[in-house]
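Asker: Below you will find the structure I want to go over with you.
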């Protein structure tokens, strides 16, 4: 299997959130083989940088020479370049091997620790002349141009000023500007282009700049043009920030694997809901459990917060000719009613990710008791107007039970069919539980 290579020239983050660790994870997530030249080793975690050991420029050069003797590398990106001698070594290597360079001018960690010496700025400006693209955030751009940036007009002014240092393109990132959207300004070919995206969170995150520049580099290494690479990288980093990792006790790092994990979990949930639906419908006993409105099965993705994060059947399981019949297929957002049940349960126990609704009867409640299940209920006659039934009802039942039950029922209301709902860790689990009930009742 042949894949393009991309090179990161940067420092090592012992906490795994930024630096070469973030770069290599980004490359892997985007289908690029990552190579690295380490410029410094840090002792750091999510709360700060305790120590930095800069590697000798000669060893930085040796790493690059060794890689270039073996690998086919066109695109590289730089991150932490701590001193002028290292920067000059990288500049010489870039010219020697005609590398196409994305420069992320890293000057400080997300925790505020300085990562570049003050006297290295002049050498950095000379490296910019070798760059295809420079990706400063606003504080970095201010250091490069020597004036404050307070608006998009200032970002444009800064991008134009940095372009005079020699890079072919400049992308000034606007995350430090206040507003509901984040706007990055690209200056290339004497033209401006804005890239706008919704602000995901307001808190600082670790590894955002490294991962964003690496995602652009990966796109370029795969043959995308500059604007396409930036646009795709914006989408990538939004997902990585939104799914940031709750590790450590300080600034949360971005999750470069978010899209891969999400796609895998979606596939698994779709498959599990379908298998469970088939198991339920193909069992002749299941017809005893079907309510008039039909049954649905749902499974939430990890960390789900809305119904579009929950897989359910697009139709329902209904009674046809004395047997259960499937009328839909699994899809995200397929069931609002059961999805809201599961989402509410997940807020109390993240392990509970699946639900199934079945018909109400006193006999079914007796079967629940016989199976030793924890049962609770809510009164639909007391349901306030304008609420989602299963958000409100499930919370009422949980409160009444003093904890999360396995079964939540209601006895209906005017125009509302009574219903029993089962909760579990997986769709197969709740279906098997339902079928055990079916074999107990007449």
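Asker: Return a whole-number percent for the relative contact order of the stretch 216-372, with Cα pairs under 8 Å and 6 or more residues apart as the contact set.
Answerer: Taking the mean separation of contacting Cα pairs over the length of the stretch 216-372, I get 17 percent.
Asker: Between the alpha-carbon centers of the stretch 102-143 and the stretch 230-301, tell me the distance in whole angstrom.
Answerer: Here the answer is 39 Å between Cα centres.
Asker: A further question on this structure: In nm, to one decimal, how far is the residue 197 label point from the residue 3 one, both placed 7 Å along Cα→Cβ?
Answerer: Going by the 7 Å Cα→Cβ label model, 2.1 nm.
Asker: With the cut-off at 1.5 for a/c, could you classify the stretch 334-385 from its C-alpha gyration tensor as rounded, prolate or oblate?
Answerer: Cα axes put the stretch 334-385 in the oblate bin.
Asker: Further question: Can you tell me the equivalent ellipsoid semi-axes for the stretch 264-440? Use √(5λ) from the Cα gyration tensor, largest first, whole Å.
Answerer: Working through the eigenvalues yields semi-axes of 21, 20, 15 Å.
Asker: Turning to a different aspect of this structure: Under a no-solvent Debye model with one identical scatterer per Cα of the chain, what's log10 I(q)/I(0) at q = 0.07, 0.09, 0.10, 0.11 Å⁻¹?
Answerer: Taken in order of the listed q values, log10 I(q)/I(0) reads -0.49, -0.69, -0.77, -0.84.
Asker: Could you tell me whether the stretch 5-256 comes out rounded, prolate or oblate from its Cα gyration tensor? Rule is a ≥ b ≥ c as square roots of the eigenvalues, rounded for a/c under 1.5, then prolate if a/b exceeds b/c, otherwise oblate.
Answerer: It comes out rounded by the Cα gyration axes.
Asker: Ok, one more. Quick check: Cα centre of the stretch 186-216 to Cα centre of the stretch 399-418, how many Å?
Answerer: Centre-to-centre distance over Cα atoms comes out at 47 Å.
Asker: Can you tell me the orientation of helix 152-163 relative to the chain, as the angle in degrees between its alpha-carbon axis and the longest Cα principal axis, to the nearest 10?
Answerer: The angle comes out at about 40 degrees.
Asker: When only alpha-carbon atoms are used, what values of Rg and Dmax, in angstrom, describe the stretch 18-70?
Answerer: For the stretch 18-70, the Cα-based Rg and Dmax read 13.1, 39 Å.
Asker: Could you order peptides 57-63, 320-326, 353-359 by the average number of other Cβ atoms within 10 Å of their residues, highest first?
Answerer: Listed from highest to lowest mean packing, they are 353-359, 57-63, 320-326.
Asker: Tell me, what is the percent relative contact order of the stretch 5-256, built from C-alpha pairs under 8 Å that lie six or more residues apart?
Answerer: 19
Asker: Taking the chain as the reference, fit the longest principal axis to its C-alpha atoms, fit the long axis of helix 336-346 to the helix C-alpha atoms, and give the angle between the two in degrees, 0 to 90, nearest 10.
Answerer: 70
Asker: Evaluate E = 1/(1 + (r/R0)^6) for residue 387 and residue 305, where r is the Cβ-Cβ distance and R0 equals 22 Å; express this FRET efficiency to the nearest 0.05.
Answerer: The calculated FRET efficiency here is 0.80.
Asker: Which stretch or stretches of the stretch 402-442 have amide N atoms under 18 Å from the point lying 7 Å from residue 278's Cα along the Cα→Cβ direction?
Answerer: Zone members listed by number: 427-432.
Asker: While we're here: Could you estimate the translational diffusion coefficient of the stretch 307-406 from the Stokes-Einstein equation, with Rh from the Kirkwood formula over C-alpha pairs, at 20 °C and 1.002 mPa s, in whole µm²/s?
Answerer: The calculation lands on 143 µm²/s.
Asker: Here's something else I'd like to know. For the stretch 153-213, with equal point scatterers placed on the C-alpha atoms only and solvent neglected, what are the log10 I(q)/I(0) values from the Debye formula at q = 0.14, 0.15 1/Å, to two decimals?
Answerer: -0.42, -0.48
Asker: Can you compute the helix-only [θ] at 222 nm over the chain? Use -39500 (n - 2.57) per DSSP H run of at least 4 residues, normalise by all residues, nearest 500 deg cm²/dmol.
Answerer: -12000 deg cm²/dmol
Asker: I've got another one for you. Eigenvalues of the Cα gyration tensor times 5, then square-rooted: what semi-axes does that give for the stretch 16-165, in whole angstrom, largest first?
Answerer: The three semi-axes for the stretch 16-165 are 24, 19, 16 Å.
Asker: Suppose each label sits 7 Å from its Cα in the direction of the beta carbon; what would the residue 69-residue 332 distance come out to in nanometres?
Answerer: The two pseudo-label positions are separated by 4.8 nm.
Asker: So, in nm, how far is label residue 325 from label residue 180 when the simple model puts each one 7 Å beyond its Cα toward the Cβ?
Answerer: 4.6
Asker: In percent, how large is the relative contact order of the chain, given Cα pairs closer than 8 Å and 6 or more residues apart?
Answerer: Once divided by the residue count of the chain, the mean separation gives 11 percent.
Readers should treat all values here as calculations from the given coordinates under stated rules, not as data from a laboratory. Keep in mind it's a predicted model, so treat the numbers as computed, not measured. Glycine also receives a Cβ, built like all others from the backbone with ideal geometry; neighbour counts cover every protein chain displayed.
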